[in-house]
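In what follows, a single structure is set out as structure tokens and then discussed.
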Amino acid sequence: MSTTNYIGKPTSRVDGPAKVTGTATYAAEYSVANMAYGYVVSSPIAKGKITKIHAEEVLALPGVVQVFSHENVPSLAWFDRSYKDDVAPGGSPFRALHDADIKFSQQPVALIVAETFELARYAASVLRVEYQQEDHETSLETQRAKGYEPGAGKTGFQPPPAPRGNPDKAWEEAPHRMEAEYVHGAQHHNPMELFSTTVEWRGEGKITAYDKTQGVMNVQQYLTKIFGLKKDDCRVVNEYMGGGFGSGLRPQYSAYLAVLAALELKRSVRLTLTREQMFSFGHRPHTLQYLKLAANADGTLAALQHHALHETSQFEDYTENVVNWSGMLYQCENVKLGYQIAKLDMYTPLDMRAPGAASGSIGLEIAMDEMAYAAGLDPLEFRLRNYAERDQNVDKPFSSKKLRECYHQGAAKFGWDKRTQAPGSMRNADGKLVGWGVGGGVWDATQQKAAAKASITADGKLTVSSATGENGTGTYTIMSQIAAETLGLPIEAVTFKLGDTDLPESPLQGGSWTAASVGSAVQSTCEALAEKIFKLARKMDDSPLRDAKFEDVEFASGQLRLRADHSQAVVLRDVLQASGEAKLEADSSVMPNMVKQNGYSLHSHNVVFAEVTVDEDLGTVHVTRVVNAIAAGRILNLKTARSQVLGSVVWGLGMALMEETVMDHKFGRYMNHNFAEYHVPVNADIHDIDVLFVEEEDDIVNPLGVKGIGEVGMLGVAAAVANAVFHATGKRVRDLPVMIDKLL
Amino acid sequence: MNPFTYSRATAVADAVRDKASHPDSEYLGGGTNLIDLMKENVARPTHLVGLNKLPLADIEALPDGGLRLGALATNADTAWHDEVKSRYPLLNQAILAGASPQLRNAATNGGNLMQRTRCYYFYDLATPCNKREPGSGCSAIGGYNRVCGILGTSESCIATHPSDMCVALAALAPTVRVSGPNGDRTIAFDDFHRLPGDQPEKDNNLEPGELITGLDLPAKGFEKNFSYLKLRDRSSYAFALISVAAGLELEGNTIKDARLALGGVAHKPWRDQEAENMLKGQPATEDTFRRVAAKVVADAKGHGSNDFKIELAKRAIVRALKQAAEGNQHAADVFLNSNP
């Protein structure tokens, strides 16, 4: 054994001390000289035109530097393509302060820049803006007939596969049938950290933007295209994020406005949105789902239909994969999947943790529960009888799929065998109703092209870098683990740098692909560096490795040694010092191995068991226990991985029980736009959560065998809770969140 | 938030004088509600009179056996005060059911009474609100009104008073001590807050410039048979959808005296003395409680998204009275929120 094996170990966060001591710097905390402060003025109306902005009144306030609006914004890039970012959906991206048109409530209509934040905020509160209001439409219910099938405009979007078999006929002929509609409301990401950008003016049109984003490269290309900047003149940095959840995938208007002001004023500018304004951009869309399932007498699925409709803006076709998962999670020969979106006068929705799948798993997994009850089967047994050995959507085998083991291990941990099937049949010691529910899901295991660079100095200190992000998931830590283990160094000797466009190119941090993509690049880069070190080691005087081949040696415990004989070793630092080189460097860029992957369906899976107690008189629900069993390939760090899944479960509970942004359609405006009224779970809502990672080896997905866990942990949580509520009460709530009033 | 001046008073009379000499001024205690309202531009005072140096933070026994709660004692210090825990555990429970530890550490007793009513529209300047701009209309009526009231509402306003502490106080019936430009006076707690009527901009019956200096609790604390039951959308840090403060005095199984107040239902903490009278002399049975609960909500009116509160209030009243009658409620020690 080596002392430098880190991969898979529950390693503590390497950035933890910086975070808890306050030395980790976030976008709004960078201190730059001569800074001005911005504050956004937001539209009170959902549709119409700005007829007058009384900018002169606030410009008269001493200390107000400028009021930017469509009336004075300089001519910028003309074409939509310049405003498209890496994950922009089809359509015409929103341009802040572009013209007098109001397209959604809370649209930014002006940016005030002042010498202090307080003054900018005050000026924003007194700026008079006149509007000509027009009729808006913000209700998805009224647009059911206006849904349409979107084109494949957005990266990662897959239109549903063609129908297979004859689902209508099979449904008619089957002995057990169900059909139902499921609904969940809109949700906003609401990371704790507000969106903020500090733009440092470096003179002569050069800027550095410290921006809250999950993709510095994405923001850089967005800004350079719009403002006609050279890449070298527009550095974008994000070293830490106070949560993202997808909200930082697209460049936000705050970044655009801060840069606009800095370039116009030739001055450093900071802009921070308010919590209320955090409800002014992307969200998980309000979604309607219709499911129609049938089962044969033996409990196998005879037919499955899943249709979804969700909202988008008037200007972009936001898409996510809501229904496709239903064609691959269970074995079924008669399947029809449908997916539509409808335009409303609101901002474009935005990927939110497990976009599409979190929504789709609500419909599918509650419907599976209903189907199991209709067929007289235990819901877990029903799933086992319909286990998919192949991905029928693409007719390929899975590269690996240990979902059955998840079912068995999760059920054993939870004690599922003690469940009684009848609703209302279980109670706790206090006499409260107890319900046990199950749900789960499937998510893509994706790898993207990514690059990294590594350099080691004569004192044995390794620095590895890539322009990826850290939104609290543990990127710093797992990349340090991979680098340390690959070069046999103690993790304390490794520094990983990220979140800077000056670093090697890396994809957005999202889609659960960072561990696989950047991890592969880090591993490959460190291997390249290892080869260089090895060559130097052979050249050392009396080197015990002089006749060895690279395959014969390993890097471990600070040494380079023969695999077959650990006594034949040199100390890594001695190699570097003997070489006389001050520094050794390597870089590499890694693409997914398409040839290897092509014959397979690459996915992670999970199952969630939830226990609720319900006070039947008062309608209160507590989720007392959750077991989430996950098969997601190799787990790089059991500690950060578990933390990430705990967060997913907590969010899933919120989705099940309380989280919803509610719009008043009269105003076309979200009304609970603050943390007092937009409820996310608090500590008192959270009880026992168990996370199981089921062992799953997979050398097809990528050399590390990693599938990513950012999204999969959230799947099925809300459905498992809703199913548990049914089991406790006999009440089938199909309209999430399940709040008190729905159980009275 | 608009620019404002600030002064710090060290004597009650100075505070009252300072406030009187500044139009558009407000008293500032813990600031947990006023500062929020200022950040949202709902309140725009041009001068703040800081109160925290006034000698009003004590909690002391009264000769008549009651307890005086200083207006500047924090909610947390009040809840954890030994006399409150042993003699007024209903108040202890209600305070600890509200807000968060951080807020309770800052919020004062006087400020708790002074917090504005809660409504989505009151807090959003983009929408009309009679309370914020008299005459502009009520957006909650016909709009999204999950948190709004079902009792004592008017065509002008259906907002609810958000306090938990005040619901327990409504049941315990202290007197509110105030000082103002015209001297000192006391106000019965039930007369302190107002129903909206056609003047929803007024939350209470204080005269201009009057300052709360304390609350005098009567000796009777219902420490044996009480319950504070709060129902909300999550287990902590959420306003009550419905809350019930119940206190009973029992002789055997017969109710000798009773107190019953509700939160989350009205523009003021809703004490129902007719319901209390109905309870007196009756056996403490579920049947009694059901009849009383039905009476409390007999005139309740839902507004769409809060219709459920009528049924929920009934059930909560029955449960709270049952819990009170059982007499096994205790002052909370650490966490009271999350018994699943």
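Do we find that A:His70 is in the same structural domain as A:Gly48 (by TED's automatic domain parsing) and either outside any loop (DSSP other than H, G, I, E, B) or touching a strand residue (DSSP E or B) at 6+ places or on another chain (Cβ under 9 Å) (or both) in this structure?
Taking the combined requirement at face value, the residue satisfies it.
Within region B:141-157, take every residue that is hydrophobic (A, V, I, L, M, F, W, C) and more than 14 Å from chain A (Cβ to nearest Cβ) and give me the one that is surrounded by the most Cβ atoms within 10 Å (Cβ to Cβ).
Ranking the candidates gives B:Cys157 first.
For A:Ala724, state whether it is of a type in the set (Gly, Ala, Ser), within 14 Å of chain B (Cβ to nearest Cβ), open to solvent by less than 10 Å² (accessible area, probe 1.4 Å) and not in a loop (DSSP other than H, G, I, E, B).
yes
For region B:274-296, enumerate the residues that are in contact (Cβ under 8 Å) with a residue 24 or more places away in the chain, of a type outside the set (Ser, Thr, Tyr) and open to solvent by 10 Å² or more (accessible area, probe 1.4 Å).
Of everything in region B:274-296, those that are in contact (Cβ under 8 Å) with a residue 24 or more places away in the chain, of a type outside the set (Ser, Thr, Tyr) and open to solvent by 10 Å² or more (accessible area, probe 1.4 Å) turn out to be B:Lys280, B:Gly281, B:Gln282, B:Pro283, B:Ala284, B:Glu286, B:Arg290.
So which residues in region B:190-234 are more than 24 Å from B:Ala159 (Cβ to Cβ) and within 14 Å of chain A (Cβ to nearest Cβ), if there are any at all?
B:Ser227
Which residues, taken from region A:472-488, are of a type outside the set (Asp, Glu), open to solvent by 10 Å² or more (accessible area, probe 1.4 Å) and out of contact with any Asp or Glu (no Cβ under 9 Å at 6 or more places or on another chain)?
A:Gly472, A:Thr473, A:Ile478
Show the residue pairs that are 6+ apart or on different chains and have beta-carbon atoms under 8 Å apart, the first residue being within region A:512-524 and open to solvent by less than 10 Å² (accessible area, probe 1.4 Å), the second being part of a helix (DSSP H, G or I) and not hydrophobic (A, V, I, L, M, F, W, C).
A:Val518/A:Thr475; A:Val522/A:Thr486
Any residue at all in region A:573-588 that's within 14 Å of another protein chain (Cβ to nearest Cβ) and open to solvent by 10 Å² or more (accessible area, probe 1.4 Å)?
no
Go through region A:615-636 and give me each residue that's in a loop (DSSP other than H, G, I, E, B) and either facing chain B (nearest Cβ under 8 Å) or among the hydrophobic types (A, V, I, L, M, F, W, C) (or both).
The answer is A:Asp617, A:Leu618, A:Gly619, A:Ala632, A:Ile635, A:Leu636.
Going residue by residue through region A:657-679, is there one that turns out to be in contact with a helix residue (DSSP H, G or I) (Cβ under 8 Å, 6 or more places away or on another chain), assigned by TED's automatic domain parsing to the domain that holds A:Met739, within 22 Å of A:Gly472 (Cα to Cα) and open to solvent by 30 Å² or more (accessible area, probe 1.4 Å)?
For region A:657-679, residues in contact with a helix residue (DSSP H, G or I) (Cβ under 8 Å, 6 or more places away or on another chain), assigned by TED's automatic domain parsing to the domain that holds A:Met739, within 22 Å of A:Gly472 (Cα to Cα) and open to solvent by 30 Å² or more (accessible area, probe 1.4 Å): absent.
Being touching a strand residue (DSSP E or B) at 6+ places or on another chain (Cβ under 9 Å), part of a strand (DSSP E or B), open to solvent by 10 Å² or more (accessible area, probe 1.4 Å) and under 30 Å from B:Asn225 (Cβ atoms) is the requirement here; does B:Arg68 meet it?
Answer is yes for this residue.
Can you pull out every residue in region A:669-679 that is facing chain B (nearest Cβ under 8 Å) and outside any strand (DSSP E or B)?
Once the filter is applied, which keeps residues that are facing chain B (nearest Cβ under 8 Å) and outside any strand (DSSP E or B), region A:669-679 yields A:Met671, A:Asn672, A:His673, A:Asn674, A:Ala676, A:Glu677, A:His679.
If you scan region B:298-327, which residues turn out to be open to solvent by 10 Å² or more (accessible area, probe 1.4 Å) and not in a helix (DSSP H, G or I)?
B:Ala298, B:Asp299, B:Ala300, B:Lys301, B:Gly302, B:His303, B:Gly304, B:Ser305, B:Asp307, B:Gly327 - these are the residues of region B:298-327 that are open to solvent by 10 Å² or more (accessible area, probe 1.4 Å) and not in a helix (DSSP H, G or I).
Anything in region B:105-140 that is over 23 Å from the mean Cα position of the chain (by Cα), more than 9 Å from every other protein chain (Cβ to nearest Cβ) and within 21 Å of A:Glu276 (Cβ to Cβ)? List them, or say none.
Hits for region B:105-140 are B:Pro128, B:Glu133, B:Ser136.
Select from region A:531-546 the residues that are in contact with a helix residue (DSSP H, G or I) (Cβ under 8 Å, 6 or more places away or on another chain) and either under 22 Å from A:Thr4 (Cα atoms) or open to solvent by 70 Å² or more (accessible area, probe 1.4 Å) (or both) and list them in ascending order.
Answer for region A:531-546, where residues must be in contact with a helix residue (DSSP H, G or I) (Cβ under 8 Å, 6 or more places away or on another chain) and either under 22 Å from A:Thr4 (Cα atoms) or open to solvent by 70 Å² or more (accessible area, probe 1.4 Å) (or both): A:Glu531, A:Ile533, A:Phe534, A:Leu536, A:Ala537, A:Lys539, A:Asp541, A:Leu545, A:Arg546.
The values are calculated or read from the model by the stated rules, or taken from the named source; none is laboratory data. Fair warning: this is a prediction, and the values are worked out from it, not measured in the lab. Please note: Cβ atoms are built from the backbone with ideal geometry, for glycine as well, and neighbour counts cover all protein chains shown. Heads up: the accessible areas ignore ligands, DNA and RNA and are worked out on the full protein's heavy atoms, side chains in. Shrake-Rupley method; radii C 1.70, N 1.55, O 1.52, S 1.80 Å.
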